[in-house]
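Participant: Have a look at this one before I ask anything.
The values are calculated or read from the model by the stated rules, or taken from the named source; none is laboratory data. What you are looking at is a predicted structure, and each value in this text was computed from that prediction instead of being measured. Because the Cβ atoms are built from the backbone with ideal geometry, glycine has one as well, and the counts that use them run over all protein chains shown. SASA here: full protein model, heavy atoms, side chains in, ligands and nucleic acids out. Shrake-Rupley method; radii C 1.70, N 1.55, O 1.52, S 1.80 Å.
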Amino acid sequence: MLMKRIVKRSLGMGIGLLAVGFLLAGCGSAKKEVTLWNPFTGKDGEYFQKIVDSYNETDPEYTIKNVTVPEMYTKINTVMNSKKDKDVPDLTVMHVERVELFQSQGVIDPMTDVIKGQKNLNEDNYIAQAWDSGEVDGTRYTIPLDVHSSPVFYNKDLLEKYGPNVLDDEVITVQEIEEVTEKAKKDNIITYPVNLESWTSLSFTTELGGSIEKDGMPNLNTPEMKKAIETWKHFVDIGACQEDGDDPVQLFQSGQAVFFQDGTWGIAGHKEIKDLNWGITNTPAFSPDKISNWTSSHQFGLLKKERSPEVIEAIGAFLEHVRKNSEIWAESGQNPASRVIFEDEGYSKYPQSYLVSNEKELDSLKIYNFKNNGITLDALGTYVRDMIYGRIEIDKGLEDAQKQAEDKLKEGI
């Protein structure tokens, strides 16, 4: 009997130790991940996942768990208000226009510790505007992924017919749009349909030497913005634009418009249209020597939470991988911000590479990233089309837009 008890006890201890061993093994093999949130809910999300996959395939100690989050900024507001680190992602792709706002709200951490271990994450290796926009009061808060712009697409066949010499200097001027319109409208062809009119109005304002901010505050009711809106209205009045309500994308893709102001991310759609012979050039200018292309940037940032040194190191390793391996992102119509990508000879195969092909083009990329940018653009967008199509006087529209922006600030929005 004694022997039987000893055997049973030994068996029990052995099973217990085995169970503990399995538990310890399970703990040791737990996944080490960096959770990354991104806002890419369209086709661009597939391309971004390929960047993440290329990193994870290098077998890093910490893999990237890539999560696409619809309505991401609303979700960010929710998780930051919860004040629970477990709900906050380790890394986030955000629009650069949010950086100064997030910094002022105290919901974003500096990148200081991340870049300490990655000497190549520096200003020499990125497009200047994208890099500069990630800094607030001398502190680095984000690392750029890309720049994405709003240039002009043009129908090569229609332009050859109605303005064969317009792009000899690589710039379409306001006067040249007038000249093309005079010929094109005889054949019921639209010259320059209204699209992305708020952003284009910002570009026009910049070309004229104006600014939509003054001391960090909305600055819409200005002579330069008035001239920008008057220019759009002039295009409508001379028959360069579509009837309000007509789809500008359809007009261009069906070969009924000479020019089309669009985002570079629209490239994927234009490429799918059979027999559409198109190219990319700069936003129309008042003078060939002053061009400006509205631009934004997706950037990697750190929402405020505690991170271990190991996670910080893993984030740095991933960002360095992206710097060297983000060419696939160009397939989505974006221009990677990393110089090692867009300065490569083979990069010229991407249509949007035109915008980063030389210093003149790089200098034309204007990012509007001040803290109150969102409120300012929302206010302009409320009135801009009504002003362009003559439903409200421009002076009144700009006065009302300025007041709306100021009222939103007073409400603390």
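Participant: Considering only the range 340-352, how many residues are assigned to a helix (DSSP H, G or I), buried (at least 17 other Cβ atoms within 10 Å of the Cβ) and hydroxyl-bearing (S, T, Y)?
Facilitator: So the answer is 1.
Participant: Still on this structure: Inspect the range 227-242 for any residue being open to solvent by 10 Å² or more (accessible area, probe 1.4 Å), out of contact with any helix residue (DSSP H, G or I) (no Cβ under 8 Å at 6 or more places or on another chain) and assigned to a loop (DSSP other than H, G, I, E, B) and give the result as yes or no.
Facilitator: No: zero hits.
Participant: Suppose the filter is open to solvent by 20 Å² or more (accessible area, probe 1.4 Å), at pLDDT 95 or above and touching a strand residue (DSSP E or B) at 6+ places or on another chain (Cβ under 9 Å); does I177 pass it?
Facilitator: no
Participant: Continuing with the same structure: From the list K403, K360, K366, K396, which residue is part of a strand (DSSP E or B), open to solvent by 50 Å² or more (accessible area, probe 1.4 Å) and at pLDDT 95 or above?
Facilitator: K366
Participant: Any residue at all in the range 265-277 that's at pLDDT 95 or above, open to solvent by less than 40 Å² (accessible area, probe 1.4 Å) and among the small types (G, A, S)?
Facilitator: Checked against the condition, which is being at pLDDT 95 or above, open to solvent by less than 40 Å² (accessible area, probe 1.4 Å) and among the small types (G, A, S), the range 265-277 yields no hits at all.
Participant: Quick check on the range 120-127. Is at least one of its residues open to solvent by less than 50 Å² (accessible area, probe 1.4 Å) and without any contact (Cβ under 8 Å) to a residue 24 or more places away in the chain?
Facilitator: yes
Participant: Just one of L208, L202, L220 is at pLDDT 95 or above, surrounded by fewer than 23 Cβ atoms within 10 Å (Cβ to Cβ) and of a type in the set (A, V, I, L, M, F, W, C); which is it?
Facilitator: L208
Participant: Taking the options P89, P60, P39, name whichever one is open to solvent by less than 90 Å² (accessible area, probe 1.4 Å), touching a Phe, Trp or Tyr at 6+ places or on another chain (Cβ under 9 Å) and more than 21 Å from L303 (Cβ to Cβ).
Facilitator: Going through P89, P60, P39 in turn, just one is open to solvent by less than 90 Å² (accessible area, probe 1.4 Å), touching a Phe, Trp or Tyr at 6+ places or on another chain (Cβ under 9 Å) and more than 21 Å from L303 (Cβ to Cβ): P60.
Participant: Given the conditions (1) within 23 Å of V147 (Cα to Cα); (2) β-branched (V, I, T); (3) open to solvent by 10 Å² or more (accessible area, probe 1.4 Å), which single one is not true for V107?
Facilitator: V107 satisfies all of (1) within 23 Å of V147 (Cα to Cα); (2) β-branched (V, I, T); (3) open to solvent by 10 Å² or more (accessible area, probe 1.4 Å) except (1).
Participant: Enumerate the pairs (first residue in the range 235-263 and on the phi > 0 side of the Ramachandran plot; second residue anywhere and part of a loop (DSSP other than H, G, I, E, B) and at pLDDT below 95) with beta-carbon separation below 8 Å, excluding pairs fewer than 6 apart on the same chain, so at least 6 apart or on different chains.
Facilitator: G255/D275
Participant: Here's another thing I want to ask about it. Only residues that are under 25 Å from Y47 (Cβ atoms) and surrounded by fewer than 23 Cβ atoms within 10 Å (Cβ to Cβ): list them for the range 128-147, please.
Facilitator: Across the range 128-147, the qualifying residues are A128, Q129, W131.
Participant: Among the residues of the range 300-339, count how many are surrounded by fewer than 20 Cβ atoms within 10 Å (Cβ to Cβ) and under 19 Å from W265 (Cβ atoms).
Facilitator: 3
Participant: Separate question: Within the range 82-187, considering only strands (runs of 3 or more DSSP E) that don't extend past its boundaries, which have at least 2 residues that are out of contact with any Ser or Thr (no Cβ under 6 Å at 6 or more places or on another chain) and not charged (D, E, K, R)?
Facilitator: Result: 91-95, 142-144, 152-155.
Participant: Condition first: among the polar types (S, T, N, Q), part of a helix (DSSP H, G or I) and in contact with a strand residue (DSSP E or B) (Cβ under 8 Å, 6 or more places away or on another chain). Now tell me which residues in the range 35-68 satisfy that.
Facilitator: Of everything in the range 35-68, those that are among the polar types (S, T, N, Q), part of a helix (DSSP H, G or I) and in contact with a strand residue (DSSP E or B) (Cβ under 8 Å, 6 or more places away or on another chain) turn out to be Q49, N56.
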